[in-house]
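Each remark here refers to the structure printed beneath this line.
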Amino acid sequence: MWRSAFAEPSMPKDPETAGQQDAPHTLIPFLQSQSQTALTRLYTRPSSCLAIFRLLGPIERQIVMSLLWLEGPIASQTLNGWVTKEGRKPYGTALDTLSKIQILPNPGTRMLLNPNFKASFRMALTGGGDLNSFGVPYVSSKEKDAERDGAGDKKFGPNSEHLDSYALERWETILHYMVSSGTDSTPQRPSAGVLYLLQRSGLMQPLPSPSGYSTASSRKTSQLQISSLGFQFLLHTPHEQLWELLLQYLKMVEERQMDLVEVLNFLFMLSTMDLGREYSPDNLTQTQLVMLEDLRDYGLIWQRKSSSKRFSPTRLATTLTSSTPLLPSSGGGNTGPQGFIILETNYRLYAYTDNPLQIAVLNLFVHLKSRYPNLVVGSITRDSVRKALNNGIRADQIISYLVTHAHPQMRRNNPLLPVTVQDQIRLWELEKNRLKSADGYLYTNFAAQADYQVVLDYAKQIGVVLWENSVKRCFFASAEGHSNIRGFIERRSKDEQM
Amino acid sequence: MSHLSLLLDLQPAAWHDPTQSLQFSTFLAHILVFLNAHLAQKHENSLAIFGAFPGKSIMLYSSIDQTKPADRRVQPDPNWYQPFKTLDAALTERIREEMPQPSTSSEAEELPVALVGALAKALCCKIIQATKVEAPSDTPVVMPESRILIVSVSPDAAASYIPLMNSIFSAQKLKVVIDVCKIYGPDTTFLQQAAYLTGGSYIRVEKHESLLQYLMMCFLQPPSVRSLLAVPTTDRVDFRAACFCHKDIIDAGYVCSVCLSSGSDCF
C-alpha cells in the first residue's frame, strides 16, 4: 500500500501547468475557515509558519519570499509587474489564498505580510527565539549517556528502520481493518480512538442491524462497516489518506474541548522534527500530551512505553509537509519498492504481493481467482467493477490506483494500462450513470416560436436550462431558476397587453 | 522538487578589501538565509555548495551526500529547524577552514579563481545524481529541476574561456539553468553569455545592503515558476569571444574554417 504511491510523476512537464500543478493542500481550506485570531496565534510559532509555508503552492511561496524581507508595505502594482501574461490567473488565485489564510491581508492595495507571520517565519529561517517550537530534544542523564556511547549507533534512540516498520504496522492495521470490515475475516482492531475517528469521518458506519451478522451479535463492541467514502479513501495515496484523517481529527478538536491552535502547532512541530531523534514531552501543554497518545495510535509517534518520558516522530509525521511520504516497503518485504500490478488486455490481473492489505484492496474491484505465495491472479469483470461502483468507488479512482501501483514492467507500455481495459472500466461506469435526475420545471405550450425562443434565451442566460426541444417548443429548467423564469414570462405578457 | 548548486566566488582579495560596502560576514549571513529559504520551499529540495578559491575549487556542502556523520554532531536546537542548523554550521565551518588569508602568499593571490572548475564539479554532481536516479531503471522518476547560481566578485578570466564555454554547452544539454549574481567588479562577458545561453538571468547587485532581497526575488524561484513570475533578464549581452592563443577578448577577429577557433591578428 505504501510503496510507490508517489512513483507517478506529479511534476509539471511544461511550465504552463506549473502554477496549477497541485490543487491546494487539503489543510489550506480548513485554515481558511478559521478565525483571524486563531490564525494569528498560530503564526506566532516559527515551526507552524514553516510547515504552512511548505503546504502552499509554488507561486504563493514565491510571493511570500519576495515580501518577507521588506520592512514596509509595497504597492501591489510593483509585484504585478513581475507577473507574466500566462501567470496572471495563477497569480490571482495565489493572492486570494494568501489573503484568506491571513498571511497577506488586503493584497489589493498594498502588500504587507501579516506581522506575526513575518516575524516568526524570519525567525524560522535565521534561527533564534526561545519558543522551542521545533521540539526539545530529549537529553538523558549522564550515566545513560555513558551506557549509550558504549552501545554505539543506538545513541540516537530508535533507528529509522524500526520507526518505519512501526508506523507502517500501525497504519496498515487501520486500513486493513477498514477494508475487511463487513467480511467474515476479523483482523486486528485498531484502538478505540481510531475507531471513533473513522466513524466520525464517515469513512465507516455502524452496521444497520448488528443482529444480521453472527460475529457482531457475539461481540459487545459496536460493529462498523466501511462506507462508500471509505472505499474511495482506500484508493487514495497514503499522503492524502493521512491528511484526510488528520483533518477529521482537527474537526473533532472543538468537541473534545481542545485548543485548535495548540493541536495544529503540535502537528506542525512534528513535521519539522528530525527522524530518529528522541524528543522530550516536558514542554508540551496538556492538550498536546493528550494528542501524543492519539497520534501514537495513528503511527505518527513512537514511544517505548506509554509512560515513557520521551517520544520520537515516525516518518509519517516528519513527511507531513512533503509530498513524498516514502515509507519503505511493507509487510512481506519481497515485493520491490515499485508497483506490483500487471494488467493484461484480456482483463487478467497479476499482482505480485503477499501483503494482505493490498490483496484486500484489490479485492474491492477485482475478481480474484487464485493465490500463490507471492502472487495473486484475478480478472477485472463487469460484476467486480460494478460491485466497486456500487460501493461508491469511481472508475477514475480504480484506474489511478492501477496506474500508481503498476509493475515496473508495465511502465514500458505506452499508455501504461491497456486502453481497452481503461475504456471498458469507464464504460461500465457510464452504464451505471445512464439516468440523471434533477428537480425542475417543464415549460411547454408556448403560443409562438418567438415567445419560446425569447424565454429560452433568457433561461439560458441565467444558466438553468437542463434540456430543450425546439420542435415541441418545450424546455426543462432546474428548480432554482423557476421563480426568475416565471417572473420573466409574467413581465413579458404584461408588456404585451399594454 | 528542485536542486540548487551554489557557486561562491571566494576571491580573498575582493572579500578582504575593507573599502567594500559589503563585508564578508554580512554577505555570508545573507547567503545562508537564502539557502535556508531554498530548503524551506519544499521538503525534498536539495542543495550543493561549491567554493571557487584562487587556483582550486572545493565542494563545501551537499545535502545529498549524507554519508558523512557530520550533521549528527550538530547539537539539536529546539529553536531552529534541524536541516537549517546543519547547513549553516557546516558551511560556515568549511569556509573558515578553506578561506585563505589575503596576506599569506602573494602568488596564490595572483591565480584567478577556479570558477570554471567549480562549475564543472557542479555539473558533474548533476550527472551523478541523474545516473543514480536512473539506476533502479524502469520507474519513471521525477528529475529534480536543477539550476546553478554563480555569485561572482572577480573579473573574467580570459584563460578559462574554452572550458567555460564547454561547461555552458553541457549545462544546456543537461537543461541546467545558470544564474549569475554579480556583486563586485566589472561585468563579466563570459558569465553573461552563460546566463543568456542557458536561459538564466544575469543580475548585477547595485545596492549591496539589499543583497538578500535580490536573492529572494530573482534567484529563489525554480525555473518552472519563472514562466509565471518573470525574472529580469539582461537585454544587452556581450557576445564577444576570446582569442584562442592570446586569451584576450576581441571585437573582430578571424575564425578558422576547419576547427572554428577564433583568433585575433595572430592567425
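The values are calculated or read from the model by the stated rules, or taken from the named source; none is laboratory data. For clarity, every value in this text was computed on a predicted model and none was experimentally measured. Cβ atoms come from the backbone with ideal geometry, glycine included; neighbour counts cover every protein chain shown. For accessibility, only protein heavy atoms count, side chains too; no ligands or nucleic acids. Shrake-Rupley method; radii C 1.70, N 1.55, O 1.52, S 1.80 Å.
Quick look at the values:
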item: Inter-label distance, nm, simple model (7 Å from Cα along the C-beta direction), A:D96/A:S191; result: 4.1 nm
item: Kirkwood Rh, Cα atoms: Rg over Rh of the stretch B:108-267; result: 1.01
item: Spread of Cα-to-Cα distances over 10 Å intervals beginning at zero, given as percent, for chain B; result: 6, 28, 35, 22, 7, 1, 0
item: Separation of alpha-carbon centers, the stretch A:95-142 and the stretch A:367-442, rounded to whole Å; result: 44 Å
item: Computed P(r) (all Cα pairs; the stretch A:160-318; 5 Å bins; percent); result: 2, 8, 18, 20, 19, 15, 10, 6, 2, 1
item: Cross-link pairs A:K85/A:K436; A:K436/A:K494; A:K100/B:K42; B:K56/B:K182; A:K100/A:K432; A:K85/A:K251 - those with Cα-Cα distance over 32 Å; result: A:K85/A:K436; A:K436/A:K494; A:K100/A:K432; A:K85/A:K251
item: Accessible area per residue in Å² at 1.4 Å probe, computed on chain B; result: 44 Å²
item: Net length gained if the chain between A:S306 and A:N484 were fully extended (0.36 nm per residue, minus Cα distance); result: 57.7 nm
item: For B:229-242, mean number of other protein chain Cβ atoms within 10 Å; result: 2
item: Taking the stretch A:15-126 and dividing mean pair separation by its residue count, relative contact order in percent (alpha carbons under 8 Å, at least six apart); result: 37 percent
item: For the stretch A:15-126, alpha-carbon Rg relative to the globular expectation (2.2 N^0.38 Å, N residues); result: 1.01
item: Per-residue average of Cβ from other chains inside 10 Å of B:41-49; result: 4
item: Stokes-Einstein translational diffusion, the stretch A:341-432 - Kirkwood Rh over all Cα pairs, 0.890 mPa s, 25 °C, in µm²/s; result: 187 µm²/s
item: Computed E for B:D235/A:E468 - FRET, C-beta separation, R0 60 angstrom, nearest 0.05; result: 0.60
item: Förster radius 25 Å - calculated FRET efficiency between B:K247 and B:K173 (Cβ-Cβ, nearest 0.05); result: 0.50
item: Percentage relative contact order, the stretch B:182-256, counting C-alpha pairs under 8 Å, at least six apart; result: 32 percent
item: Spin-label pair A:N283/A:A447, simplified geometry with 7 Å Cα→Cβ offset, distance in nm; result: 8.1 nm
item: Charge tally in the Cβ shell below 13 Å around A:L368, where Lys, Arg are +1 and Asp, Glu are -1, A:L368 excluded; result: +3
item: Sites A:S493 and A:L435 - FRET efficiency at Förster radius 30 Å, r taken between beta-carbons, to 0.05; result: 0.30
item: Relative contact order for chain B, counting Cα pairs under 8 Å that sit 6 or more residues apart, in percent; result: 19 percent
item: Cα-projected label distance for A:E344 with A:N374, points at 7 Å along beta-carbon direction, nm; result: 2.0 nm
